[in-house]
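Encoded as structure tokens, here's the structure I'll be asking about.
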Amino acid sequence: MGDLNTVDGKLDHIHQPRKILIIRRDNIGDLVCTTPLFAALRARFPDAWIGVLANSYNAPVLAGNPHVNEVFTYTKGKHLAPGQSQWRALWQRLRLILNLRRRRIDEVILPGGEQASARRFARWVAPRRVLVAPSTAVGHEVERSMACLAAYGVTPVNVNADANADVHALPPCTIVADVALANRLAAHLPSALAGRRLIALQLSARKPRQRWPVAHFAELARQLHAASGCGFLLFWSPGAADDALHPGDDAKAAELVALTRDLPLAAVPTHELTELIAGLSLCDAVICSDGGAMHIAAGLGKPIVCLFGNSDAVRWRPWHVPHVLLQPESRDVADISVAEVMAAYTTLMNESRG
């Protein structure tokens, strides 16, 4: 197995790989931001088999993706359920690697750059060539992952750039909701939400400085409802805050429900990622902090008011959807006021209608 052979940084124009495997084993947002690469590869190689190796936690975002032939998953050690055998997980991983080796993959693409764990997987799969996103790539995570297309003679640029014969506009992120599941969720919503514009409030965030206070969410909901009569679907990471493996925000969600009991608001528990995707698909707009749910909302094409704390807004902002991004100088979302979010939502709605 060798790295991708190129001539002057590009593959020969007749190079047509039959089987391409993309390895993206990191977080939900990283994988969502790689879906434009799948679309671009499908456009470049319409007859190729395109597979994706993901982990069991993030793989559901690829369900129904029209540009991917097959998705392979494995379970990371930190994602093992209580009582789940590590030996069984390792055995399943070995079987997966043997399956991929038998497929005689032409090329493995590592859009996340030179990551030691992804490189090991690529070596175990034993493709003819490995293509790694260059470490010099800059900009949004979508642009960074797409930078590897230069090796195929494709120079992808932002859709706002001038197009020419050798330039391809970057596609949006693609998430496909389970329609049947979304319909079941909708059927169980309170009748008070019927006919209302629905706004998703997602209160969880992995980083402490990305967490907007529950009291702020409650006051925002009151002001939004008073202004437009809208309803709300509440999303959060399920679980107890002291769960060492998967800390959650059940207590915060219960607090917000109590503070808004007189408003048309429904709490939507999402124990599976597919449920979160289906629930967000029911909403007309989303208000959340930077994180996996924000990128899922972008993949669903939802307008977003996004709150950024100590994360890189240039790299991780919502991709190609209407959005207003708020990031205080302190890089702590707790310093974003309710009035600022209200103004951002008003701006977002005006721009979306325009």
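No lab work stands behind these numbers, since they all come straight from the coordinates. This is a predicted model, so every value here is computed, not measured. Here Cβ is always computed from backbone atoms with ideal geometry, including for glycine, and neighbour counts include all displayed protein chains.
What ranking of H246, H320 emerges when the number of other C-beta atoms within 10 Å of each C-beta is taken as an exposure proxy, fewest first?
The most exposed by this proxy come first: H246, H320.
Taking the Cβ-Cβ separation of Q16 and R103 as r and a Förster radius of 22 Å, what is the calculated FRET efficiency to the nearest 0.05?
0.80
Still on this structure, please answer the following. May I ask for the distance between the Cα centers of the range 82-153 and the range 328-344, given as a whole number of Å?
Here the two parts' Cα centres lie 38 Å apart.
Run the helix sum for the chain: -39,500 (n - 2.57) per DSSP H stretch of 4+ residues, divided by residue count, reported at 222 nm to the nearest 500 deg cm²/dmol.
-10000 deg cm²/dmol
Could you tell me which of H225, L131, A177 has its Cα farthest along the dipole of the chain towards the positive end, charges placed at Cβ (Lys, Arg +1; Asp, Glu -1), taken about the Cα centre?
With unit charges placed on the Cβ atoms, the residue in question is L131.
Give me T346, T75 sorted ascending by neighbouring Cβ count inside 10 Å, so fewest comes first.
T346, T75
Here's a follow-up. Hey, how many Å between the Cα centroid of the range 167-193 and the Cα centroid of the range 198-252?
19
Need one number: nm distance between label points at D335 and A116, each 7 Å from Cα along Cα→Cβ, rounded to one decimal.
The answer from the label model is 3.6 nm.
Using 0.36 nm per residue of separation minus the Cα-Cα distance, give me the extension gain between A215 and D243 in nm, one decimal.
Between A215 and D243, full extension yields an extra 7.7 nm.
So how do F38, F45, F232 line up by other beta-carbon neighbours within 10 Å, fewest first?
Exposure proxy ranking, most exposed first: F45, F38, F232.
If you take the beta carbon distance between E351 and A43 as r and set R0 to 35 Å, what does 1/(1 + (r/R0)^6) give as a FRET efficiency, to the nearest 0.05?
FRET efficiency, E351 to A43: 0.75.
In nm, to one decimal, how far is the modelled label at D284 from the one at T136, with both set 7 Å along Cα→Cβ?
4.8
Now a separate question. Using the Cα gyration tensor of the range 179-353, with a ≥ b ≥ c the square roots of its eigenvalues, what is the shape: rounded (a/c below 1.5), prolate (a/b larger than b/c) or oblate (neither)?
In terms of gyration-tensor shape, rounded.
Assuming a ≥ b ≥ c are the square roots of the Cα gyration tensor eigenvalues, decide whether the chain counts as rounded (a/c under 1.5), prolate (otherwise, with a/b larger than b/c) or oblate.
It comes out prolate by the Cα gyration axes.
Considering only C-alpha atoms, what is the centroid distance from the range 263-279 to the range 300-323, in Å?
20
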